[in-house]
Every structure is written in C-alpha cells, then in structure tokens.
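Chemist: Could you have a look at this structure, given as structure tokens, before my questions?
The values are calculated or read from the model by the stated rules, or taken from the named source; none is laboratory data. For clarity, every value in this text was computed on a predicted model and none was experimentally measured. Here Cβ is always computed from backbone atoms with ideal geometry, including for glycine, and neighbour counts include all displayed protein chains. Just so you know, the surface numbers come from the protein's heavy atoms only, side chains and all, with ligands and any DNA or RNA stripped out. Shrake-Rupley method; radii C 1.70, N 1.55, O 1.52, S 1.80 Å.
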Amino acid sequence: MKYGFGVDVGGTTVKLGLLSEAGELLEKWELPTRTENGGENILPDIARSVQDCMARRGLSRDDCLGLGIGVPGPVDASGMVNRCVNLNWGVFNLHDALGILTGLRVRAGNDANCAALGEFWKGGGSGCRSAIFVTLGTGIGGGVIVDGRLLTGAHGVGGELGHIEISAPDKAPCTCGKRGCVDAYCSAKVLSALTGGNLALFFDGLRAGDRTLQAAWDEYLAHLAIAVNNLRMIFDCDVIVGGYVGGFLSEFGAPLRELLARHNTFEPDSSYLKFSRYQLESSALGAALVHIESFIQSL
C-alpha cells in the first residue's frame, strides 16, 4: 500500500489529509496558520505534523508517494510561489523548501486549482467535462476545468478569479494593492469580521434573525452574483462554489440563485450553479491526487 499527503494552506487554518493510493481519504486534521514573521512558521509546522502522522502509522518515506500542497496564490510548475499575500509569503521555491523539511517529493499548486481537481476526481463534480470552481475562503480562488483538464495559463495564474475587478461604487481596497477586486467583497473575512473573526457565528446570527448580519449577507450575495454571472457568460459552463462560505450556501444560498436568474440574459434559471461535494477538504484532496494519479498511470 502506498500513501499520499494532501495539504491546503488557508489564511487561518492548514488542513491536512492522508490518502490511500486509491484516493480514499484515510485521515484528516487541522493546524492554525501562523502568518506572523513572514509566515516562516507555516512550513515547519506542516512538516512536523506530517512526520508525526508517519510515525504514528509506522510509515517510511518509501511508503509515501509524496505530498501535494495547495496555497492561496500563484505557483508555477517548478514550485515557485509568487506573493501569497494572505500568508505573508514572498517569492521562493515551495517544492524545495518543504521537500527538505519533510524528505518527501512535493508538488505545489494554487489551492483553488487543487480543489477543482479534487472536485472532479473520478468523474465527479457537476457531471460535466468543463466547469469553473470558485473557493470562498480567506481569499477568493478559482479553478478552470476545460474538457476535463485544468487550465493553468501561461504563467500558472489561470483562474485567479479573486482579482477580477467588479463594478462597485466604493472600489474597496484589496490585499493585492488594487481596488474593486472580487476578493475585497466576497472573501470570508468580509462576513467573519462582523462576528469577531468567527464565520460560524455569522451564520448563527442569520439563523437568529439578526437584521444587521442579514443586510451584510444580502450585500455579499449581490457582489457574488455579479462575479458568478460574469463567469457563466464567459465560459458557458457550470459554476461550482466551495470553500468556507460555500459550505453554508446549501442552507443560505437560495437568494443567490434568484439573483443569478435575474442577471442572466439568456437563461431563465440558475441551475448551472452547483455546490462543492467536499466543501472544506477538496483542496487537500486534490493536492494529494496529483501524486496518486501519477502513481496509477505508472502501473
């Protein structure tokens, strides 16, 4: 039996998973994301946690296919990270840095791209060959699947949906330095900031009928609807929404569907909008699958 590790580095939480060679998620756990001091603690924390899991299960390096890691920012094929602003990271080679710490073969990718791969594992996802995957987390990410293949672009930044600019009167500032980005209006932080940084409390407040939080949610959905409708108009395929906020849309997303139906020039409904199968774990799953699929193809 061979194993693969998947890691999803979010702005507040690192999610880790151990998968079998068949792609079965055997174990998952979390760590806090320590972004102070340029995020210098993040990779050592991940390495220690992975090594602890290996020791607990009696796994050697030879038992492990490798470690896949998804991060909230651009990563090219060689593993070069280019400004993950939510992690305080600059430019460095993630394959080399984490490989040295863990002793494992490392493959890195944008977290939303990894999530899209996880969503489409073994023909899953929306049942279509093409779709857009949007992650609503500490930052907004995207993964574009065209005819069953991930579209990464010429420089590895294809699908950076969070930094598409939308028309809004206030042009809110974004962490990237621009103004008016989707990220500035639709990240989970926009909502959690109203409840002390706890997103679950925000939705608890909605359930309790808090009018202030309801107004904030209505405004959030209005901006999200513009972004999702634009993606539908450009790509004419399903849009799958996941991430922290996406995990609550099955309960609170009906107004989003109504807004999308109104925005759409050519269709009477919003049936193209789907919710993630895996919600919070899809990025870690997809990151690990990079190694697992390579292993399967080598058999």
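Chemist: How large is ³J(HN,Hα), in whole Hz, for each residue of region 143-149 in order, when computed from phi with the Karplus curve 6.51 cos²θ - 1.76 cosθ + 1.60 and θ = phi - 60°, using x for Gly and Pro?
Modeler: With coefficients 6.51, -1.76 and 1.60, one gets x, 10, 9, 10, 6, x, 10 Hz.
Chemist: Can you find, among 140, 115, 256, the residue farthest towards the positive end of the dipole of the chain? Put +1 on the C-beta of Lys and Arg, -1 on that of Asp and Glu.
Modeler: Final value for the positive-end residue is 115.
Chemist: At 0.36 nm per residue, minus the direct Cα-Cα distance, what do residue 257 and residue 91 gain on full extension? Give it in nm, one decimal, please.
Modeler: Values: separation 166, 0.36 × 166 = 59.76 nm, distance 3.91 nm.
In short, 55.9 nm is gained.
Chemist: Projecting each Cα onto the charge dipole of region 19-84 (Lys/Arg +1, Asp/Glu -1 at the beta carbon, about the Cα centre), which of 41, 54, 74 comes out farthest on the positive side?
Modeler: In region 19-84, that residue is 41.
Chemist: Could you tell me which of the pairs 15/189; 28/178; 178/274; 2/189; 28/189; 2/28 are separated by over 27 angstrom between their Cα atoms in the structure shown? Each step should come with its number before you reach the end.
Modeler: On the way: 15/189 18 Å; 28/178 36 Å; 178/274 29 Å; 2/189 38 Å; 28/189 24 Å; 2/28 17 Å.
Among 15/189; 28/178; 178/274; 2/189; 28/189; 2/28, the Cα-Cα distance tops 27 Å for 28/178; 178/274; 2/189.
Chemist: For region 121-248, place one equal point scatterer on every Cα, skip the solvent, and apply the Debye formula. What is log10 of I(q)/I(0) at q = 0.13, 0.19, 0.20 Å⁻¹?
Modeler: Each listed q corresponds, in turn, to -0.57, -1.09, -1.17.
Chemist: With a sphere of radius 14 Å drawn around the Cβ of residue 178, what net charge do the other residues whose Cβ falls strictly inside it have (Lys, Arg +1; Asp, Glu -1)?
Modeler: Numbers: positive: 83, 171, 179; negative: 160, 165, 170, 183.
Spelling it out: positives minus negatives among the neighbours equals -1.
Chemist: Apply the Karplus parameterisation 6.51 cos²θ - 1.76 cosθ + 1.60, with θ equal to phi minus 60°, to every residue of region 161-167 and state each ³J(HN,Hα) to the nearest whole Hz, in sequence, with x for glycine and proline.
Modeler: Once rounded to whole Hz, the list reads 5, x, 10, 6, 8, 10, 7.
Chemist: In addition: Kirkwood-based Rg over Rh for region 46-103 (C-alpha set), two decimals? The partial results should precede the final answer.
Modeler: Details: Rg = 13.0 Å, Rh = 12.6 Å.
Expressed as Rg/Rh, it is 1.03.
Chemist: Taking the mean number of other Cβ atoms within 10 Å as a proxy for protection, how do you rank 243-249, 174-180, 78-84 from highest to lowest?
Modeler: Numbers: 243-249: 23.4, 174-180: 15.6, 78-84: 17.3.
Put in order of decreasing packing, that is 243-249, 78-84, 174-180.
Chemist: Would you rank 71, 85 by solvent-accessible area, highest first, keeping every protein chain in place and using a 1.4 Å probe?
Modeler: On the way: 71 0, 85 50 Å².
Result, largest first: 85, 71.
Chemist: Within 9 Å, Cβ to Cβ, of residue 165, how many net charges do the neighbouring residues add up to if Lys/Arg are +1 and Asp/Glu are -1?
Modeler: Values: positive: 171, 178, 179; negative: none.
Local charge sum for residue 165: +3.
Chemist: With a sphere of radius 14 Å drawn around the Cβ of residue 80, what net charge do the other residues whose Cβ falls strictly inside it have (Lys, Arg +1; Asp, Glu -1)? Walk me through the numbers before you get to the answer.
Modeler: Values: positive: 83, 107; negative: 76, 96.
With Lys, Arg at +1 and Asp, Glu at -1, the net is 0.
Chemist: Right, next: So if I place +1 on the C-beta of Lys and Arg and -1 on the C-beta of Asp and Glu, and nothing else carries charge, what would the dipole magnitude of the chain be about its Cα centre? I want it in debye, nearest 20.
Modeler: Values: 25 positive and 32 negative charges, 34 e Å.
So the magnitude is around 160 debye.
Chemist: Taking a cut-off of 23 Å, what percent of all Cα-Cα pairs in region 1-106 are separated by more than that?
Modeler: Working: 1251 of 5565 pairs.
Across region 1-106, Cα pairs with separations above 23 Å total 22 percent.
Chemist: Here's something else I'd like to know. On alpha-carbon atoms, Rg over Rh for region 177-266 using Kirkwood Rh?
Modeler: Values: Rg = 13.5 Å, Rh = 13.8 Å.
Expressed as Rg/Rh, it is 0.97.
Chemist: Could you please put 165, 40 in sequence from largest to smallest accessible area, using a 1.4 Å probe? Could the numbers behind the result be given before it?
Modeler: Values: 165 95, 40 115 Å².
From most accessible down to least: 40, 165.
Chemist: Amide H of residue 172: which non-local residues (sequence gap of 5 or more, or other chain) have their own amide H closer than 5 Å, using H built in the peptide plane?
Modeler: The answer is 180.
Chemist: For residue 65, which sequence-distant residues (separation of 5 or more, or a different chain) have an amide H within less than 5 Å of its own amide H, given hydrogens modelled in the peptide plane?
Modeler: Amide H to amide H, under 5 Å and 5 or more residues apart or across chains, residue 65 pairs with 3, 4.
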